[in-house]
Structures are given as C-alpha cells and as structure tokens.
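Only the coordinates and a few stated rules stand behind these numbers; no lab work does. Computed from a predicted structure; not experimentally measured. Methodologically, a virtual Cβ is constructed for each residue, glycine included, from the backbone with ideal geometry; neighbour enumeration extends over all protein chains shown.
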Amino acid sequence: MTVTAVYKDPQALTMTLEAEFDATPERVWQLWADPRQLERWWGPPTYPATFTKHGLSPGTRVEYHMTGPEGDQPKGYWDILEADAPHRLLVRDGFANDDGTPNEEFPTGEMEVTIEESGDGRTRMSILSRFPSTEAMEQLLAMGQEEGMKQAVGQIDAILAQDTVRTA
C-alpha cells in the first residue's frame, strides 16, 4: 500500500501522512504540479477533484472543487506560500464559498508536502497538516480528513503503474 503511516499529534496540532512510491522525486512532484494528474488522485474516489486554477509559484492561488456522489461540489483553495520543486510545497489551505472567497465557517490550515529519495529508486512523500486550534483539528478530523487523505494518496500507485505500462 502507498500510505505507510499516519501520525496525529494533538499537542502540536498536526497530522502527518507518510507514503512511499516506486518513482523518482521529480515524478512524484509532477503529481502535484500538473493539474490533470492531480485531478486523478486528489480527493477520495467518491469525491474526485477538478482544478479550475492551478500554479505552484509562491503568491498564487490554486482553486478546485470536489464532486460528491450526490452531485454536491464543495470548493477549496491553496494559497502557495513556498515551492521548491521537486522537494517541498507549503500551502495555506481552506474551504471556499461558491464565489471563491474563503469560507469562514471552516478552519484554514497549512499543508506542507515533503518529497525525498528513500533509496532503491523509491521516493518518500510526507504531507504534514497543521491546524490552527484543537477545535479545528477535531472538526476536520470528524469531517473525514484522515480517511479522505489516505484514500486520495492511495490512488497514486495506480497512476504510477500506468506510467510503467506505457513505457514498457
């Protein structure tokens, strides 16, 4: 399985998901940098994402929505704070209203993605989520953030396997 561990630290207000892939750091970075590839895995299978604005330069905003099984389309955004391809991405992430403005009913957090070689042609990716408060952490975890991220990242191996089939 792609996801190797999930650690929650209520004292530090963090959750870290770790995963490992049979790919180079550059290839794993492309899963974030290319919006069409990102759409293939961001969000759990029952809530696939569509990215309507995408760019990983600091100061830009990524906008997307997910489409649920009932046709609902919750919106989200990432404000890109730092990007060091192919190793690190730091974003402020939040929920958005229909007009794209931040939805203040839900907490805004930070997500730090780290991508590094782990040996034998494999790459380790960690996604560290920082929550602004205990209440925010509890709210987002109760909404299914942990399971949703595990399911989303769990789709990456299939994408990478398709790459292997195409080049074989």
Q. Percent relative contact order of the chain, based on C-alpha pairs within less than 8 angstrom and at least six residues apart?
A. 25
**Q.** Residues whose placed amide H lies under 5 Å from that of K53, excluding near-sequence neighbours
**A.** E63
Q. From the backbone phi of region 58-70, what are the Karplus-calculated ³J(HN,Hα) couplings (6.51 cos²θ - 1.76 cosθ + 1.60, θ = phi - 60°) in whole Hz, Gly and Pro given as x?
A. x, x, 9, 10, 9, 10, 8, 9, 10, 10, x, x, 9
Q | Residue-wise HN-Hα coupling along region 17-27, computed from phi with Karplus coefficients 6.51, -1.76, 1.60 (Hz; x: Gly, Pro) | A | 9, 10, 9, 9, 9, 8, 6, 7, x, 4, 5
**Q.** E138-D163 FRET efficiency (beta carbon distance; Förster radius 41 Å; 0.05 resolution)
**A.** 0.60
(Q) Quick check: Cα centre of region 57-117 to Cα centre of region 1-48, how many Å? (A) 13
Q) Residue-wise, which Karplus ³J(HN,Hα) couplings in Hz belong to region 5-15, taking 6.51 cos²θ - 1.76 cosθ + 1.60, θ = phi - 60°, and x for glycine or proline? A) 6, 9, 10, 10, 10, x, 5, 8, 6, 9, 9
Q) Between T24 and residues 5 or more places away or on another chain, which pairs have amide H atoms under 5 Å apart, with H built 1.01 Å from N, and which residues are they? A) none
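If you rank T123, T46, T16 by fewest surrounding Cβ atoms within 10 Å, what's the result? If you can, show how the numbers build up before the last one.
Working: T123 22, T46 12, T16 17.
Going from least to most buried by this count: T46, T16, T123.
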(Q) Skipping prolines and chain starts, which residues have an amide H placed within reach, meaning under 5 Å, of the one on S118, given they are 5 or more residues away or on another chain? (A) T123, R124
Q | Residues of type aspartates and glutamates that K150 reaches as a straight line, Cα spacing below 20 Å, ignoring anything fewer than 8 places off in the same chain | A | D9, E18, E20, D22, E39, D93, E110, E112, E116, E138
